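*Asks:* This is the structure, below, for whatever I ask next.
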There are 4 protein chains.
Amino acid sequence: MNETARLAASVASMDRALIDDLVAANRMLASLGILDAFGHVSVRDPKNPKRYLMSRSIAPESVVASDILALDLDSQAVHPEDADKLLYRERFIHGEIYKVRPDVNSVVHSHSPTVVPFTVTKAKLRPLLHNAGFLGLGAPLFEIRKCAGHGTDLMILTPDLGKELAKKLGKDAAVILMRGHGDSVVGPSLPNAVFRAYYTEINARQQLQAMTIGGPINFMTKAAAMTSNDAMLRASARPWALWRKKALRELGS
Amino acid sequence: MNETARLAASVASMDRALIDDLVAANRMLASLGILDAFGHVSVRDPKNPKRYLMSRSIAPESVVASDILALDLDSQAVHPEDADKLLYRERFIHGEIYKVRPDVNSVVHSHSPTVVPFTVTKAKLRPLLHNAGFLGLGAPLFEIRKCAGHGTDLMILTPDLGKELAKKLGKDAAVILMRGHGDSVVGPSLPNAVFRAYYTEINARQQLQAMTIGGPINFMTKAAAMTSNDAMLRASARPWALWRKKALRELGS
Amino acid sequence: MNETARLAASVASMDRALIDDLVAANRMLASLGILDAFGHVSVRDPKNPKRYLMSRSIAPESVVASDILALDLDSQAVHPEDADKLLYRERFIHGEIYKVRPDVNSVVHSHSPTVVPFTVTKAKLRPLLHNAGFLGLGAPLFEIRKCAGHGTDLMILTPDLGKELAKKLGKDAAVILMRGHGDSVVGPSLPNAVFRAYYTEINARQQLQAMTIGGPINFMTKAAAMTSNDAMLRASARPWALWRKKALRELGS
Amino acid sequence: MNETARLAASVASMDRALIDDLVAANRMLASLGILDAFGHVSVRDPKNPKRYLMSRSIAPESVVASDILALDLDSQAVHPEDADKLLYRERFIHGEIYKVRPDVNSVVHSHSPTVVPFTVTKAKLRPLLHNAGFLGLGAPLFEIRKCAGHGTDLMILTPDLGKELAKKLGKDAAVILMRGHGDSVVGPSLPNAVFRAYYTEINARQQLQAMTIGGPINFMTKAAAMTSNDAMLRASARPWALWRKKALRELGS
């Protein structure tokens, strides 16, 4: 069975445009410096909310359409022909969040570079830039020691750890910080999850700089954060269009 | 009516060289990291000071000549064929400033990354680098809460908010900081407004670094800032020529 | 004797794939900003553990296959046809470490930019990012003044200085900091040494940022660092595959 | 008289290889982020030490061979056909230094971004990275207010200001900091002056980071700085070869 035929079979129930979007999302997040060689992005299958799409386990920057596969919400490959594929070890982050957050249709897990320092200090990451109003929904910190002890590699390697993470994320938050590791960001759409992953990093940089200048920092009010979040749900389309075009141009070259 | 004909009609009263300059300005500001997928730059129509040119609402990095349209000072599209175009929601920043500042012929609104921290802290942004002498004209902070309450998305979405912003900018300043949002920078010409937008960011970075080293900071005197501002009005031509060449080369590719 | 013939002779006992890997490692470390025009990377010859491979003395970013040569553990060129090659003056770092650390099969010496500040201050570089768990093996500081006085150029120019450095590295550590100079990073494989050199820099950046936010910093426990180090020995393969592909693509162009 | 003929006449007494070196130096310093659209680099004419070569007044990144011209030590164009060329307004920095420092054969003037904060604060820029040992020769601060009052644009626009700057540089220093402006860096050769301009910036970044971590900072001793400076006079050749190749490759494209 050649690669083209395999792809055809694998994506029988998937939308090719969605796959292209997911490929683009992988590449743009790498290009934006949110993902390095690690991390992953997924999107819930709009035709079957009990499935999600994600790449097999490779560096996001390398992902092409034939790397995308479907997983069920227990994070197992759906199609028999994907049974031999190496899956991301931390895919349970995605599946377990999709189970308990029906409002979420996309998840980005990254080692967002300037978010990491906020996961090992006491300062709270709070919205100061209007694009990052979604941080007003909360950005809880997941301390893996509390449920898995002091000796893990900090990774979400089991369904149970995925459930704990999803529980800590809660019903409302768009971002969960993961101590010594990075963050996971969720959104109602792939473009919005990418948008939020990017602006979580930007807000972290600017909050760090504001702390360097010296407080008190004039953070957004809860009301402003919510208004801004609503506006950005719509505004996410603009950076998405730009970044997608650039990602696919690079892919074409 | 095809795209070429549409463009011909739309720009009947516009100077093609000016349009090319404005396209280049959009791209160079993105390339310089002053604009990300948001923000906008405009130029007053030299043939009709009651109009200004600006792109339709897309990411600045994507702007091409056919995206440029003419607006009146109430920030409405002038040409009937542009009636269906999506306009930048915050275009009132531009129109309202042009109304009250006849000395201003170009406006850049951005989320300049290192300027944002100075909008949420008490430190004043002041000129320390000679290229940024224009900051000696003042860099007032616009706190949108004072005129629109605590629940807005921080954006300038109405003519009234534009008027308030223009009022706070005042008669002399080249830069107005917008709390939790970014800044708007004005100049007597497009090259100079771009120059000022760039050096506002650079001065912010260097002021942040100087604060990290530890004060007191030896800022420019008012007199030196004014002398330098005059010199830079002329010197703006050099970076403009370089950045324009690079922006248009990229556009050609 | 032409270049092709010379190369054939020189690499008679070397594996061409290993040479390509080493070329790629040089280029990727430059591309990642770990190496500038200085620094070097080596790999122990898997067929003869008393030899190692390294470029002749040029900027890492410029290295091609014909620049690679074999050295013995006294850091002398093995092949007579390499006798006239200029060797890295600090190659003793590599040879002397290979002598006393049989577990080490690759060494990277760099002026890793954000590691340098940690070599001239009292703060200890400690693991906070799970990818950098190997820092839990220790990151001792080599103060050259203690063995060579106050007037050296800080470089490891003799076998004796190489021995002192290797002694300070000790039996377990993956990284040794070199005061006012940079670091040397070791690993059981070339991909892992490159991985560790990269994440030493990333952890340094994030530790610096965490210190800016303000302590106490929630560093990894020793147990977590060891578990993570084990996981990353395997996970090194993923960034290696990505970086190698990019480095060789650049080389092809 | 066409451009080719003009160039031939202008460079009659100049070495084409030296011109190519100077073009490459302009471009590499821009590429390295030391020069932005402003700043300039010069080299003393090895055949006539009372002359130096420099570009006409354009952005360094744009310089090509036909932009290079010869100036005398009063910083006037030597060749009649260059009489109509726009010269850098601050060229007196170069000419006046060449007059009093026979050991100097190249000068770089830049707004080196992380050096500027050290020109407006009280911290001294001191060598901590071995490549920057030349800072042990001193890095005096030129405060233009002391000789030209409080109202200048901080630029070195006259021979007299150039003389004052050269006087403050003194007999030994390799770097002079210019308050609110940048620095000027000198060396015995073009490659070494470029090397020093680059490592002045790197050392400034690392000193700023070390100050963020917290002192005391373990700076180089005077003896080590001098030994390292000697070593780097020779080692400058390696980055020069790399950067020149890259600059000229870019020029060819």
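*Asks:* I need the calculated FRET efficiency for the pair A:CYS147 and B:ASP103, taking r as the beta carbon distance and R₀ as 56 Å, to the nearest 0.05.
*Replies:* 0.35
*Asks:* Next up: Determine the sum of side-chain charges near C:HIS150: Lys and Arg each +1, Asp and Glu each -1, restricted to other residues whose C-beta is under 14 angstrom from that of C:HIS150.
*Replies:* Combined, the nearby Lys, Arg, Asp and Glu give +2.
*Asks:* Set the bar at 23 Å for Cα to Cα. Now go through D:LYS47/D:LYS245; B:LYS50/B:LYS163; B:LYS85/B:LYS167; D:LYS47/D:LYS168 and name every pair that lies beyond it.
*Replies:* D:LYS47/D:LYS245; B:LYS85/B:LYS167; D:LYS47/D:LYS168
*Asks:* Let me ask something else. How many square angstrom of accessible surface are buried between D and B, both sides summed, with a 1.4 Å probe and rounding to 100?
*Replies:* 2700 Å²
*Asks:* Report, as an integer, the average count of C-beta atoms from other chains found within 10 Å of each Cβ along A:147-157.
*Replies:* Values: counts 0, 1, 3, 6, 8, 7, 14, 10, 5, 0, 1.
Per residue, the number of nearby Cβ atoms from other chains is 5 on average.
*Asks:* Using bins 20 angstrom wide from zero, how does P(r) for the protein assembly as shown break down, in % of all Cα pairs?
*Replies:* Per 20 Å bin, starting at 0, the Cα pair percentages come out as 13, 41, 38, 8, 0.
*Asks:* Could you check how many percent of all C-alpha pairs in the range B:43-144 are farther apart than 15 Å?
*Replies:* The share of Cα pairs beyond 15 Å in the range B:43-144 comes to 69 percent.
*Asks:* Let me ask you something else. Net charge around C:GLY214, counting only other residues with Cβ within less than 14 Å of its Cβ (Lys, Arg = +1; Asp, Glu = -1)?
*Replies:* +2
*Asks:* Quickly estimate the mean residue ellipticity at 222 nm for chain B, helices only: each DSSP H run with n ≥ 4 gives -39500 (n - 2.57), and the total goes over all residues, rounded to 500. Before the final figure, lay out each step's value.
*Replies:* Working: 9 runs with 106 residues, N = 253.
When only DSSP H runs of four or more count, the value is -13000 deg cm²/dmol.
*Asks:* What is the distance in Å between the Cα centroid of the range B:178-253 and that of the range A:75-115?
*Replies:* 44 Å
*Asks:* Before anything else, pin down the relative contact order of chain A: Cα pairs under 8 Å, at least 6 apart, normalised by residue count, whole percent. Please list the in-between numbers first.
*Replies:* On the way: 447 pairs, mean separation 54.8, N = 253.
Worked out over chain A, it gives 22 percent.
*Asks:* Now for a separate question. For chain B, what is the convex hull (Cα atoms) projected area averaged across all directions, in square nanometres? List each step's numbers first, then the result.
*Replies:* Details: hull surface 54.3 nm².
Averaging across all directions leaves 13.6 nm² for the Cα convex hull.
*Asks:* Can you give the FRET efficiency to the nearest 0.05 for C:ASP20 and B:VAL64, using r as the Cβ-Cβ distance and R₀ = 41 Å? Can you show the working numbers first?
*Replies:* Numbers: r = 43 Å, r/R0 = 1.04.
The calculated FRET efficiency here is 0.45.
*Asks:* Return the carbon/sulfur percentage of the accessible area of chain A, one whole number, probe 1.4 Å, all protein chains in place.
*Replies:* Carbon with sulfur: 55 percent of the solvent-accessible area.
*Asks:* Now for a separate question. Relative contact order for the range A:13-150: what percent, with Cα pairs under 8 Å and sequence separation of 6 or more?
*Replies:* Worked out over the range A:13-150, it gives 21 percent.
*Asks:* With the crude spin-label approximation of a point 7 Å out along Cα→Cβ, what separation in nm comes out for D:LYS167 versus C:LYS171?
*Replies:* It works out to 6.6 nm between the two label points.
*Asks:* Let me ask something additional. By what distance, in whole Å, do the Cα atoms of the range C:123-197 stretch along each of the three principal axes, largest value first?
*Replies:* Dimensions of the range C:123-197 along the principal axes of its Cα atoms: 39, 28, 19 Å.
*Asks:* Does the range D:206-253 classify as rounded, prolate or oblate by the C-alpha gyration tensor (a ≥ b ≥ c root eigenvalues; a/c under 1.5 gives rounded; else a/b over b/c gives prolate, otherwise oblate)?
*Replies:* Oblate.
*Asks:* A further question on this structure: Suppose R0 equals 30 Å. What FRET efficiency, 1/(1 + (r/R0)^6) with r the Cβ-Cβ distance, do D:LEU157 and D:LYS50 give to the nearest 0.05?
*Replies:* 0.85
*Asks:* Turning to a different aspect of this structure: Counting partner chain Cβ atoms within 10 Å of every residue's Cβ in B:202-211, what's the average? Don't skip to the answer; put the middle values down first.
*Replies:* On the way: counts 4, 1, 2, 5, 10, 4, 5, 13, 8, 6.
Neighbouring Cβ atoms belonging to other protein chains average 6 per residue here.
*Asks:* Now for a different question. How much accessible surface area, in Å² rounded to 10, belongs to the heavy atoms of B:ASP72 with a 1.4 Å probe?
*Replies:* 50 Å²
*Asks:* Ok, one more. With springs only between Cα atoms under 10 Å, which of C:ASN48, C:ASN105, C:ASN26 fluctuates most in a Gaussian network model of chain C?
*Replies:* Sorting by GNM fluctuation, first place goes to C:ASN48.
*Asks:* Principal axis extents for the range A:84-124, Cα atoms only, whole Å, descending order, please.
*Replies:* Dimensions of the range A:84-124 along the principal axes of its Cα atoms: 39, 28, 13 Å.
*Asks:* Work out the P(r) tail for the range D:114-252: percent of alpha carbon pairs separated by more than 24 Å, whole number. List each step's numbers first, then the result.
*Replies:* Working: 3426 of 9591 pairs.
Taking all Cα-Cα pairs of the range D:114-252, the fraction more than 24 Å apart is 36 percent.
*Asks:* Now, a different point. Kindly work out what percent of the DSSP beta bridges joining two residues of chain C are antiparallel, to the nearest 5.
*Replies:* Restricted to chain C, the bridges split so that about 90 percent are antiparallel.
*Asks:* Could you work out how much longer the chain between D:LEU248 and D:ASP230 gets when fully extended? Use 0.36 nm per residue separation minus the Cα distance between them, nm to one decimal.
*Replies:* 3.7 nm
*Asks:* Could you work out which residue, out of C:HIS79, C:HIS40, C:HIS111, moves most in a Gaussian network model of chain C, that is, has the largest mean-square fluctuation with Cα springs under 10 Å?
*Replies:* Highest fluctuation among the options: C:HIS79.
*Asks:* For peptide D:31-41, compute the average count of partner chain beta-carbon atoms within 10 Å of each residue's beta-carbon.
*Replies:* Averaged over the peptide's residues, the number is 2.
*Asks:* Then there's this: Hey, what's the protein assembly as shown come to in accessible area per residue, 1.4 Å probe, Å²?
*Replies:* About 35 Å² of surface per residue is accessible.
*Asks:* So how strong a dipole does the range D:1-145 carry about its Cα centre when Lys and Arg Cβ are +1 and Asp and Glu Cβ are -1, to the nearest 20 debye?
*Replies:* For the range D:1-145, the charge dipole is close to 540 debye.
The values are calculated or read from the model by the stated rules, or taken from the named source; none is laboratory data. A quick note: this is a predicted structure, and the numbers were derived from the prediction, not measured. Cβ coordinates were reconstructed from backbone atoms using ideal geometry, including for glycine residues, and neighbour counts include every protein chain displayed. SASA here: full protein model, heavy atoms, side chains in, ligands and nucleic acids out. Shrake-Rupley method; radii C 1.70, N 1.55, O 1.52, S 1.80 Å.
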